[in-house]
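Here it is: the structure, laid out below.
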Amino acid sequence: MKHIKFNPFKYLFLIFLCLTLSACSGGLNAGLEAYQSPDGRYAFLYPTGWTRVKVDGGPEIIYHDLINSNETLSLVISDVNKEVQLEQLGSPSEVGQTLIDKVIAPEGSGREVKLINTNKREASNHIFYDLEYELNLNEKARHELATVVIDRGTLYTFAVGTNEERWNKVDGMFSNVIESFNFLI
């Protein structure tokens, strides 16, 4: 049997390495908290420290940052025909443009919106359309991400955004928030 000699420097290095790796393990979800719907149907992550607010006649869910109050997250839930699949509504670009034309910046709203990027992804047996756009209203620039998905005759539009000045600081976290939306049942 071979005898292994104890080396305190290697031992200290291994402890340092383990501590460093565990400090980094927060990874993609660091700074995010979990939300699950009361019926257990869907869940998502939202930034730590954000507060939920209720708006009569508004989105199902709204969160906003207390410090940067223009940073918001919303979930709009709409009924659609139970037979309709997301891809039947059009491509990601077409659905993104429809969302802009009918919801974000309808004619007469004074808002200018530019669809920057679209992506189709599949997760948990659902098709998601991820959208990125810039919004200008009264010379105030805003950057938003959204995902659109259909589940059992319900259209979910989940969005998060901030002003353009803060975008570069939060874009990675906001991408993680958007991609976190999922169905549990």
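So, in segment 24-175, how many Lys pairs have Cα atoms under 26 Å apart, if the pair is 8 or more places apart or on different chains?
Lysine pairs, 8 or more places apart or on different chains, close enough: 11.
Give me the number: length gained by fully extending Val103 to Arg152, i.e. 0.36 nm times residue separation minus the C-alpha to C-alpha distance, one decimal in nm.
Extra length available between Val103 and Arg152 comes to 15.4 nm.
Once fully extended, how much extra length lies between Asn81 and Glu94, figured as 0.36 nm per residue of separation less the alpha-carbon to alpha-carbon distance?
This chain segment gains 2.8 nm when fully extended.
Now for a different question. If you split all Cα-Cα distances of segment 31-183 into 5 Å bins from zero, what percentages do you get per bin, shortest first?
2, 9, 18, 23, 22, 16, 8, 2, 0
Between Ile67 and Leu115, what FRET efficiency follows from the Cβ-Cβ distance if R0 is 25 Å, with the result rounded to 0.05?
0.30
Values in this text are rule-based calculations from the coordinates and carry no lab data. Values in this document were obtained by computation on a predicted structure and should not be read as measured data. We place every Cβ from the backbone using ideal geometry, glycine too, and count neighbours over all the protein chains shown.
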